[in-house]
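The values are calculated or read from the model by the stated rules, or taken from the named source; none is laboratory data. Everything quoted here is computed from the prediction, not taken from an experiment. In this analysis, Cβ positions are derived from the backbone assuming ideal geometry, glycine residues included, and neighbour counts consider all displayed protein chains. When the accessible area is computed, the model is the full protein with side chains, heavy atoms only, and any ligands, DNA or RNA have been set aside. Shrake-Rupley method; radii C 1.70, N 1.55, O 1.52, S 1.80 Å.
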Amino acid sequence: MIRFESGAIGQFEVSWTFRGGMDLRDEVAGTEGTIWLDHFLRTGFEMFTTGGSERYVAEKAETDKGWLFPVGDEVGELGYVDMFTDMFEALDSGRQPRETLYDGYVVNAVMDACYRSARERAWVPIELDWRGGTTPRIKREPERFDGHVVIKSELLPDGRRKMILKDTQTGDYRDHVTAS
């Protein structure tokens, strides 16, 4: 688990010993919405075979018969195509890639904190000391409309904007539709 400065709590479930294939997904639930992304295990392909060719089915697949859930574009789903394309384009153009050595450093600092936390059985800070640099804090002010916080906003087919607004004083919610 990870506790952010804002007070939000996150949970990472990671393991090299997951049974049944590679489980590569993200689930984010928050006060403003939810998103579930299944990148690998359940991508829409389902098949059953009594065969067993002893050939490659998918990354971390434990069997080649019975119910199988092969990945249509494994190399793409694992991010290799985008990662290498970005890296080569960055090298050609002289720009930084989308993921840098610093990003890798931060990931390792988070993992180090997880191990320290497990050993100490307590919350521990993530120690970032990148050659004396600092990591900017993430801060986002909520969108407001007419003195209320916008909880959800969507554009309707006729061009009007529909919003769910929250009055921070009373805690009440209301719908509001703007003219097109």
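Could you list all residues from segment 11-28 that are under 26 Å from residue 127 (Cα atoms) and either touching a helix residue (DSSP H, G or I) at 6+ places or on another chain (Cβ under 8 Å) or loosely packed, with under 10 Cβ neighbours inside 10 Å (or both)?
Narrowing segment 11-28 to residues under 26 Å from residue 127 (Cα atoms): 11-16, 26-28.
Across segment 11-28, the qualifying residues are 11, 12, 13, 14, 15, 16, 26.
In segment 88-131, how many are touching a helix residue (DSSP H, G or I) at 6+ places or on another chain (Cβ under 7 Å), open to solvent by less than 100 Å² (accessible area, probe 1.4 Å) and either of a type in the set (Phe, Trp, Tyr) or in a helix (DSSP H, G or I) (or both)?
Qualifying residue count, segment 88-131: 1.
Every residue in segment 63-74 that is under 22 Å from the mean Cα position of the chain (by Cα) and open to solvent by 80 Å² or more (accessible area, probe 1.4 Å), please.
If the condition is that a residue be under 22 Å from the mean Cα position of the chain (by Cα) and open to solvent by 80 Å² or more (accessible area, probe 1.4 Å), then 73 is the only one that fits.
Identify the residue in segment 154-174 that is over 18 Å from residue 31 (Cβ atoms) and of a type outside the set (A, V, I, L, M, F, W, C) and, among all such residues, is surrounded by the most Cβ atoms within 10 Å (Cβ to Cβ).
Looking at residues that are over 18 Å from residue 31 (Cβ atoms) and of a type outside the set (A, V, I, L, M, F, W, C), I get 161.
For segment 63-77, state whether one or more residues are β-branched (Val, Ile, Thr) and under 29 Å from residue 121 (Cα atoms).
We begin by selecting, within segment 63-77, every residue β-branched (Val, Ile, Thr); these are 63, 71, 75.
Now drop any that are not under 29 Å from residue 121 (Cα atoms), which leaves none.
Within segment 63-77, none of the residues are β-branched (Val, Ile, Thr) and under 29 Å from residue 121 (Cα atoms).
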